Amino acid sequence: MDFVTGLRCRECSRTYPAEALHVCDFCFGPLEVAYDYEAIARVISPETIAAGPQTIWRYAPLLPVADAAPIDLGTGCTPLVRADRLAAELGLGELWIKNDTANPTGSFKDRVVSVALTKARQLGFKVAACASTGNLANSVAAHAARAGMTSVVFIPHDLETAKIVTTAVYGGHLVAVEGTYDDVNRLCAELTSEHPSWAFVNVNVRTYYAEGSKTLAFEVAEQLGWQAPDHVVVPIASGSQLTKIRKGFAELHTVGLLKEEPHVRVSGAQAAGCSPVATAFAEGTDAIRPVKPNTVAKSLAIGNPADGWYALQAIRESGGSCESVTDEEIIAGIKLLARTEGIFAETAGGVTIATLAKLAAQGVVRSDERVVAYVTGHGLKTVEALAPTSGPTATIAPTLEAFAAAVDITTELGSPR
Ligand SMILES: *Cc1c(COP(=O)(O)O)cnc(C)c1O
Ligand SMILES: [Zn+2]
C-alpha cells in the first residue's frame, strides 16, 4: 500500500487522482504528489528504514508508489564521503560529498527513473520514453531493459560518445534529434499527445519521477545520523532535483525522522553557458529568461528549465545563493575533486565543485557550516571534456635512464599534499 492521497496543483491546490497527469486542467500549474504524512509517521522510523533494502526503496512510504518488486538496478545508498582535503583547499570546515556517481548507470537519474517506471508499470504503461541530455537516456534504457519494457529515448544529436553508447547498448530505440535539448523536449511534449499510451518519464509521469530526487535528502540525513546539513550545493538543469532535495528534508521533519525543523540553505550551481536560474538570481528578478545553451556541461544544458522558477524560490527562501561557472572552471573543478578526494565526476560534478569553490571564496558557504555538495554523475561519461588536458606525465622508452630523466617525485615526498 502507498500513502499517496492524490495529486495537487502547486499553484491553485486543486486535487486530482494519482494517474498519469502532470498539469492542472484549470491553471496549467504543475502537479505534485500529496501524501498522508500522519499515516507515514506511524509506520516509518530509523529502525524500519535500517531494516529495508540497501537502495532508495528503503524509503518506500515517502515515495509515490508501493511495489513489492520495484524496477530497481540497486540505486541509492551511495557514499557520503567526508572531504577534508578538499575542504582544506577551499578554506571550509565540515564538508561532505554525496557521491552519486556510484549509481548503477553512473548518475543520480537512476533515482528518478526507478520511481517513475515503477509507477508507470503500475499504471499499465508498456513503453518508457524520455527527452534527455544524456544521463536520463542511459537510465531509462537500462531500467526499461530490466523491466522488459520498450524504450524510446530522444537526445540532442551532439551528445558525448559515452552517453550514446551507454544508452544504445540496452537495445531500446535511441533517436538523435537535430536540435538542442529544448527542441527535443518540445518534440516529446507533442509526442505525448500523439502516443498517450507511452510513459514519458519527464512529461506525463514527471510528477512521480520528480519525487525520486527526495531520496538525495533522505540518504544524506540518514548518513549524518538523522541530522540535516546546514548548506547543500546542488546542480541545476530543469531545477527539479534542487526543489525536491529541499522538500525531502522538510518531509523528514514532518514524519518525525528529524527532531528539529531543518534550516538547510540550498545553493544552486549552473554552467555560465546555460545559467538562466543563476542569472535571474543575480538580477533579483522572478522572470527566468530562456537561453540557448553552450557549455561543456551538456547534462545541465536546459535553456528553458521547467522547474527553474521553483528552484529560484527554494534558493531564496532557504537563504542560499546561485552561481555560474565557466567551462574552464568546470574542468578545474573536476580535477580538483579527483586530485583531493579520488572521485571522478562528469562535467555536472565539475559545475558543483567549481560553484562550491566560488561560494566558499565569497564567504557564502562558510567554514562553520556542515556542507554537502551533490556530485551527480560519473566522469567516464564525459571523458572528452578532460582529454585535451589530461594525459600521461611522460611517454618514455622502457629504460631506467628514460624514467629517471622524465619523472621526479622527490619534491612531493618532501611536502606531502
Ligand atoms: C539531470 C541532471 C542534473 C539536474 O537535474 P534537474 O532535476 O533537471 O535539475 C544534475 N546532474 C546530472 C548529472 C544530471 O544528469
Ligand atoms: Zn491549478
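The values are calculated or read from the model by the stated rules, or taken from the named source; none is laboratory data. Here the structure is a predicted model, which is why all the values come from computation and not from measurement. FYI the Cβ positions are ideal-geometry reconstructions off the backbone, even for glycines, and counts take in every protein chain you see.
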Can you find a residue that is in a helix (DSSP H, G or I), within 20 Å of Tyr181 (Cα to Cα), within 20 Å of the chain's Cα centre (by Cα) and of a type outside the set (Phe, Trp, Tyr) anywhere in the stretch 279-287? no
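Can you tell me which residue in the stretch 1-44 is modelled with the highest pLDDT, limited to those that are in a loop (DSSP other than H, G, I, E, B) and aliphatic (A, V, I, L, M)?
Of the stretch 1-44, the ones in a loop (DSSP other than H, G, I, E, B) are 1-3, 10-14, 17-22, 24-29, 36, 44.
Subsequent filtering for residues that are aliphatic (A, V, I, L, M) retains 1, 18, 20-21, 44.
Details: Met1: 81, Ala18: 94, Ala20: 93, Leu21: 92, Ile44: 97.
It comes out as Ile44.
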So Leu224 ticks every box in (1) within 12 Å of ligand 1 (Cβ to nearest atom); (2) under 19 Å from Asp368 (Cβ atoms) but one. Which box is left unticked? (1)
Val371 surrounded by fewer than 23 Cβ atoms within 10 Å (Cβ to Cβ), under 24 Å from Ala217 (Cα atoms) and either touching a residue at least 40 places away in the same chain (Cβ under 8 Å) or basic (Lys, Arg) (or both): no
Out of (1) surrounded by 20 or more Cβ atoms within 10 Å (Cβ to Cβ); (2) over 23 Å from the mean Cα position of the chain (by Cα), the one Asp25 does not meet is (1)
Only one of Ala272, Ala297, Ala314, Ala280 is closer than 12 Å to Val351 by Cα and touching a helix residue (DSSP H, G or I) at 6+ places or on another chain (Cβ under 7 Å), namely Ala297
If a residue has to be touching a Cys at 6+ places or on another chain (Cβ under 8 Å) and either over 20 Å from Gly248 (Cβ atoms) or away from ligand 1 (no atom under 13 Å from the Cβ) (or both) to count, how many in the stretch 291-332 make the cut? 9
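Please go through the stretch 7-21 and give me each residue that is closer than 30 Å to Leu258 by Cα and either in contact with a His (Cβ under 8 Å, 6 or more places away or on another chain) or within 13 Å of ligand 2 (Cβ to nearest atom) (or both), ordered by number. Give the steps one after another, and end with the answer.
Step one: filter the stretch 7-21 for residues closer than 30 Å to Leu258 by Cα, giving 7-18.
Leu7, Arg8, Cys9, Arg10, Glu11, Cys12, Ser13, Arg14, Thr15, Tyr16 - these are the residues of the stretch 7-21 that are closer than 30 Å to Leu258 by Cα and either in contact with a His (Cβ under 8 Å, 6 or more places away or on another chain) or within 13 Å of ligand 2 (Cβ to nearest atom) (or both).
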Condition first: under 23 Å from the mean Cα position of the chain (by Cα), closer than 13 Å to Leu252 by Cα, away from ligand 1 (no atom under 16 Å from the Cβ) and assigned to a loop (DSSP other than H, G, I, E, B). Can you find one or more residues in the stretch 45-68 that meet it? yes
Of all residues in the stretch 161-176 being without any contact (Cβ under 8 Å) to a residue 60 or more places away in the chain and part of a helix (DSSP H, G or I), which is nearest to Thr118 (Cα to Cα)? Thr167
Tabulated pairs, the stretch 14-37, first within 19 Å of Ser240 (Cα to Cα) and within 16 Å of ligand 1 (Cβ to nearest atom), second polar (S, T, N, Q) and in a loop (DSSP other than H, G, I, E, B), C-beta under 7 angstrom, 6+ apart or interchain: His22/Asn204
Flagged in the stretch 28-51 as exposed (fewer than 15 other Cβ atoms within 10 Å of the Cβ) and in contact with a Cys (Cβ under 8 Å, 6 or more places away or on another chain), in numbering order, are none
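Going by what's in this entry, would Arg85 be described as modelled with pLDDT of 95 or more, more than 23 Å from the chain's Cα centre (by Cα), surrounded by 13 or more Cβ atoms within 10 Å (Cβ to Cβ) and more than 16 Å from ligand 1 (Cβ to nearest atom)?
Details: modelled with pLDDT of 95 or more: yes; more than 23 Å from the chain's Cα centre (by Cα): yes; surrounded by 13 or more Cβ atoms within 10 Å (Cβ to Cβ): yes; more than 16 Å from ligand 1 (Cβ to nearest atom): yes.
Judged against the criteria, Arg85 is a match.
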Only listed residue being out of contact with any strand residue (DSSP E or B) (no Cβ under 8 Å at 6 or more places or on another chain) and surrounded by 24 or more Cβ atoms within 10 Å (Cβ to Cβ), chosen from Ser240, Ser267: Ser240
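Show me the helices (runs of 4 or more DSSP H) found entirely inside the stretch 319-417 where at least 2 residues are hydroxyl-bearing (Ser, Thr, Tyr).
347-361, 410-414
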Condition first: touching a residue at least 12 places away in the same chain (Cβ under 8 Å) and of a type in the set (S, T, N, Q). Now tell me which residues in the stretch 177-221 satisfy that. Thr180, Asn185, Thr192, Ser197, Asn202, Asn204, Thr207, Ser213, Thr215
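Would you call Ala87 outside any loop (DSSP other than H, G, I, E, B), closer than 30 Å to Ser367 by Cβ and not basic (Lys, Arg)?
Working: outside any loop (DSSP other than H, G, I, E, B): yes; closer than 30 Å to Ser367 by Cβ: yes; not basic (Lys, Arg): yes.
Yes: the conditions hold for Ala87.
Just to check your reading of the model, which residue among Ile97, Ile71 is outside any loop (DSSP other than H, G, I, E, B) and among the β-branched types (Val, Ile, Thr)? It would help to see each step written out before you state the result.
On the way: Ile71 fails: outside any loop (DSSP other than H, G, I, E, B).
Only one candidate passes the filter, namely Ile97.
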Reported set for the stretch 336-358 where residues are away from ligand 1 (no atom under 12 Å from the Cβ), farther than 10 Å from Val325 by Cα and not hydrophobic (A, V, I, L, M, F, W, C) is Arg339, Thr340, Glu341, Gly342
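Looking at the stretch 133-183 only, could you name the residues that are basic (Lys, Arg) and modelled with pLDDT of 95 or more? Show your work before the answer.
Kept after step one, since they are basic (Lys, Arg), are these residues of the stretch 133-183: 146, 163.
Within the stretch 133-183, just Arg146 meets the criteria.
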